[in-house]
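A quick write-up on the structure given underneath.
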Amino acid sequence: MAIKVTVCERPISETSYVRATFKGLALTLKHLVDPHKVTVQYPEEKWDIGPRWRGTHRMLTTEDGKAKCVACGLCPTVCPANCIKLVPGEDAEGNRYPLVFDIDEFRCIFCGYCQEVCPEEAIHLGRHYENAEYDRKSFVYDLERLTAQTHPVCEMWDPADPKGE
Amino acid sequence: MMHHTSLLLQVASGQLPPTMGWFVIFAIIKMLVAFGIYLVCVAYTTFAERRIAAWIQDRHGPNRVGPQGIFQVLADGVKNFMKEETLPGGANKVMFILAPALAFIPSLVTWAVIPFASPLPVPGVGLIDMVVANLPIGFLFTLSISSLGVYGLTIAGWSSNNKYALLGGLRASAQMISYEISMGMSTVCVLLLAGNVGLNEIITQQASQGWNVMLLTMAFFIFAVSSLAETNRVPFDLPEAESELVAGYHAEYSSMKYSMFPIAEYANIITASSLMVTLFFGGWDIPFTSWDNLPPWTALKTVLTMGLYVGKVMFFVFTFIWLRWTLPRFRYDQLMSIGWKVLLPMALVYITVVASLTLGLDAAGVVRTGMGFKAAMLGMNLVFVGLVFWVLDRGRIVSPAFSRIQRAEIAHLRAVSERSDLSNQQGT
């Protein structure tokens, strides 16, 4: 963007300090007595977060409580931050399942590719932001933790409905 | 005159000053109580500043510690005492440690001579003055002590061995010396009317003649602006201008030593507000009645006048805070030109006008307490206010940045700006 040099043409007789100060005082007084404040009283009040909010992950489960994941390996492949560690296993009927499924939430950039690429709609990003922990280890979410999460999941962007209406 | 009548009435009602022993005992009690309350008020002014700042900016402010955050000041105090204290390697250790105290003490001492209520009769003891030290030269005392405040800031800046702190200290000394003069000059008018330098006498005079803000409006205006500059408050906070000088004179301070500077600032605000109230708004005087100014003194009178005094001071403290969150900071050249080219000549002209007018009215036989005197002073002030706000305040009080550009130069600048590559790229 080009810089436009503007030269002020206001005559000096129109400038004031004392009168302008009183005008300013009136304006600040109006805000002082205005009961509408923009601050949210955080722990008691919370903003509604958007349906496409991308927060910490959640692994959805089948009716019998097992993770939906089939250990296809697409999410660790697509992950640009390389934060998903997946070790596949196979049971007696030849169904694949994850032996290890760790997500390092510190490395994660919350792009949502893993949710987009997942053929089973198993891994999801969550609509959630309160993630504080006391140590760094706790930010590596294992399969148990991912399935135990209960917060609502992120809705991916739908090209047919770009504004999410 | 009023003063003599009140003295006669005082003798007649048998309300006499206490003996020496009681005087000392009550002086100690007054010191402890008054300064205890004063320090609590200073602490709560910091809280008031944070809440009012927040409200002006459509926020809530600190409201978590205790109901509506009223214990925030205690939390801040504990925090400041627990914090790590640093001492810069190149600092002058003695001066560095001394400076916060030097900044704080003058404002505390000034407050000792300000009367805050009508005298309190104590049975069996006598009449106790509601002022910590009833100095007959009270006003001169405040002037001399308030000029000492600059030492704290200058020494803090100089001893820190930091270029920003030094610049802040230099600015503080230049600014406070400049505004000290117009501040002193504006109060000369008060002395002209009161004919006395005792603060209690100035209050008595205002009770009989009407408040000085009506009689000496411009003196009040000059005094108010100068005390903003003396307390280093926005728009005169150049000594600590954080956008240019990191934190100015207290850049190197930490922990409670840092905290002493804000405390000194708020103590100065309360002291300046008390002085404004005492010199121009009748001190503890209740307007429209002389009931509170005449003996016999009662405890009820003391309580009511003290309440009104506190109310007046609180209003001015609020105004200081309100102004801070309204106005931007001056440029340095603006600051100096306001002090030397506007306020000082204005104060000198005003002294001459007030002196000639009172001399003329006295010579014409107009009684000072009468309506004629008040009307004449009020008329003179209206003319002055009109001159300042409608004639002088047209780019002459605070000159905007473009004021030094000539009209011909503006056309030239515009031509250059239109020829330049930068503006031709607009919209391409």
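Observations
- Only a single criterion out of (1) closer than 22 Å to B:ILE177 by Cα; (2) in contact with a strand residue (DSSP E or B) (Cβ under 8 Å, 6 or more places away or on another chain) is not satisfied by B:THR298, namely (1).
Residues are listed down the side, and each one gets a yes or a no for (1) crowded, with 24+ Cβ neighbours inside 10 Å; (2) within 14 Å of another protein chain (Cβ to nearest Cβ); (3) touching a Pro at 6+ places or on another chain (Cβ under 8 Å):
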| site | (1), (2), (3) |
| --- | --- |
| B:SER254 | no, no, no |
| B:SER259 | no, no, no |
| B:ALA264 | yes, no, yes |
| B:LEU279 | yes, no, no |
| B:ILE286 | no, no, no |
| B:ASN293 | no, no, no |
| B:GLY307 | no, no, no |
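- Among the numbered conditions (1) in contact with a Ser or Thr (Cβ under 9 Å, 6 or more places away or on another chain); (2) modelled with pLDDT under 90; (3) not aliphatic (A, V, I, L, M), the only one that A:GLY73 does not meet is (1).
- If you go through segment B:140-165 and pick out every residue that is touching a Ser or Thr at 6+ places or on another chain (Cβ under 7 Å) and not polar (S, T, N, Q), you end up with 3.
- Residue count for segment B:336-368, restricted to those that are modelled with pLDDT under 85, exposed (fewer than 14 other Cβ atoms within 10 Å of the Cβ) and either among the β-branched types (Val, Ile, Thr) or outside any helix (DSSP H, G or I) (or both): 3.
- In segment A:142-165, the residue that is nearest to the chain's Cα centre (by Cα) out of those that are under 20 Å from A:PHE101 (Cβ atoms) and either exposed (fewer than 10 other Cβ atoms within 10 Å of the Cβ) or without any contact (Cβ under 8 Å) to a residue 12 or more places away in the chain (or both) is A:THR150.
- Residue, surrounded by the fewest Cβ atoms within 10 Å (Cβ to Cβ), within segment B:417-427, restricted to residues that are facing chain A (nearest Cβ under 8 Å) and either modelled with pLDDT of 70 or more or assigned to a loop (DSSP other than H, G, I, E, B) (or both): B:GLN426
- Candidate set: segment A:26-68, residues that are under 28 Å from A:GLU116 (Cα atoms) and exposed (fewer than 10 other Cβ atoms within 10 Å of the Cβ); chosen: the one nearest to the other protein chains (Cβ to nearest Cβ): A:TRP47
- Hits in segment B:289-306 (condition: among the hydrophobic types (A, V, I, L, M, F, W, C) and closer than 13 Å to B:LEU127 by Cβ): B:TRP297, B:ALA299
- B:GLY61 fulfils the conditions (1) away from every other protein chain (no Cβ under 14 Å); (2) on the phi > 0 side of the Ramachandran plot; (3) crowded, with 17+ Cβ neighbours inside 10 Å except for a single criterion, (1).
- Subset of segment B:276-292 [touching a residue at least 12 places away in the same chain (Cβ under 8 Å), farther than 23 Å from B:PHE141 by Cβ, in contact with a helix residue (DSSP H, G or I) (Cβ under 8 Å, 6 or more places away or on another chain) and not aliphatic (A, V, I, L, M)]: B:SER290, B:ASP292
- Number of positions in segment B:30-52 that are among the charged types (D, E, K, R) and more than 14 Å from chain A (Cβ to nearest Cβ): 1
- Among the residues of segment B:186-195, at least one is within 15 Å of the chain's Cα centre (by Cα) and assigned to a helix (DSSP H, G or I).
- Residue pairs whose Cβ atoms lie under 6 Å apart, sitting 6 or more positions apart in sequence or on different chains, and linking a residue in segment B:106-132 that is under 25 Å from B:PHE261 (Cα atoms) to a partner that is part of a loop (DSSP other than H, G, I, E, B), are B:PRO106/B:LEU148; B:ALA112/B:VAL132; B:ALA112/B:ALA133; B:VAL113/B:ALA133; B:VAL113/B:LEU135.
- Segment B:36-84, subset over 19 Å from the mean Cα position of the chain (by Cα) and acidic (Asp, Glu), residue nearest to A:HIS31 (Cα to Cα): B:ASP58
- Residue in segment A:20-38 that is modelled with pLDDT under 85 and closer than 30 Å to B:GLN334 by Cβ present: yes
- For the residues B:LEU120, B:LEU166, the requirement of being closer than 20 Å to B:GLU244 by Cβ and aliphatic (A, V, I, L, M) singles out B:LEU166.
- Count - residues of segment A:127-156 that are out of contact with any Pro (no Cβ under 7 Å at 6 or more places or on another chain) and within 23 Å of A:LYS66 (Cβ to Cβ): 15
- Against the list (1) in a helix (DSSP H, G or I); (2) within 23 Å of B:GLU201 (Cβ to Cβ), the condition B:LEU135 fails is (1).
- Some residue of segment A:106-117 being surrounded by fewer than 11 Cβ atoms within 10 Å (Cβ to Cβ), at pLDDT 85 or above and not hydrophobic (A, V, I, L, M, F, W, C): no
- Hey, B:SER356 small (Gly, Ala, Ser) and within 14 Å of another protein chain (Cβ to nearest Cβ) or not: no
- Scan of segment B:78-92 for residues that are surrounded by 15 or more Cβ atoms within 10 Å (Cβ to Cβ) and under 20 Å from B:VAL42 (Cβ atoms), ordered by number: B:ASN80
The values are calculated or read from the model by the stated rules, or taken from the named source; none is laboratory data. This is a predicted model, so every value here is computed, not measured. Note that we place each Cβ from the backbone using ideal geometry, even for glycine, and neighbour counts take in every protein chain shown.
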